[in-house]
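See structure below.
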Amino acid sequence: MEGDTFSGLVGNGTQIDGKVLQTFQKSFGQVQDILDQNRLLINEINQNHESKIPDNLSRNVGLIRELNNNIRRVVELYADLSSSFTKSMETSSEGDSSGGALKSDGKAGHKRNRPS
C-alpha cells in the first residue's frame with residue numbers, strides 16, 4: 001500500500017479538495033508511524049516476558065502503558081479522519097440533487113451519531 005495516492009474522486013465521482021487529501025494522507029502517515037512503533041513495543045514486551053527477568057518484567061508495565069496510549073491515539077486519529085471525511089462529503093454534496101442519498105435536512109441517510 002505504500003506509495004498509493006488518492007485519485008481525488010470519491011465513489012460517486014465527487015471531486016475532493018486537495019487540502020482534504022493532504023490531511024488524510026498526513027493522518028494515515030501518523031497512524032502508520034504509531035502502528036510501526038507498536039510493533040516494536042510488542043516485540044520488546046514479548047522478549048521481556050520470555051526472559052522472565054524481574055527488571056524486564058517490571059519494564060513491561062511502562063511499555064504496556066505506552067502501547068495503550070498509542071492505541072488511544074490511533075483511535076482518535078481515525079475518529080478525526082471519519083469526522084473530516086463526513087464533513088468534506090457533506091460540503092461536496094451540497095446542492096447536488098443527483099445523489100439521492102441525502103435526507104431532506106441535507107444529511108446523509110447512513111450517517112451514525114456516536115456518543116462522545
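The values are calculated or read from the model by the stated rules, or taken from the named source; none is laboratory data. For clarity, every value in this text was computed on a predicted model and none was experimentally measured. Here Cβ is always computed from backbone atoms with ideal geometry, including for glycine, and neighbour counts include all displayed protein chains. Heavy atoms of the whole protein, side chains included, go into the accessibility calculation; ligands, DNA and RNA do not. Shrake-Rupley method; radii C 1.70, N 1.55, O 1.52, S 1.80 Å.
All of Ser92, Ser98 fail the test of being open to solvent by less than 90 Å² (accessible area, probe 1.4 Å) and either at pLDDT 90 or above or farther than 19 Å from Ile34 by Cα (or both), apart from Ser92.
Please specify each residue of region 50-72 satisfying the condition of being open to solvent by less than 90 Å² (accessible area, probe 1.4 Å) and closer than 21 Å to Ser27 by Cβ. Scanning region 50-72 gives Glu66, Leu67, Asn68, Asn69, Asn70, Ile71.
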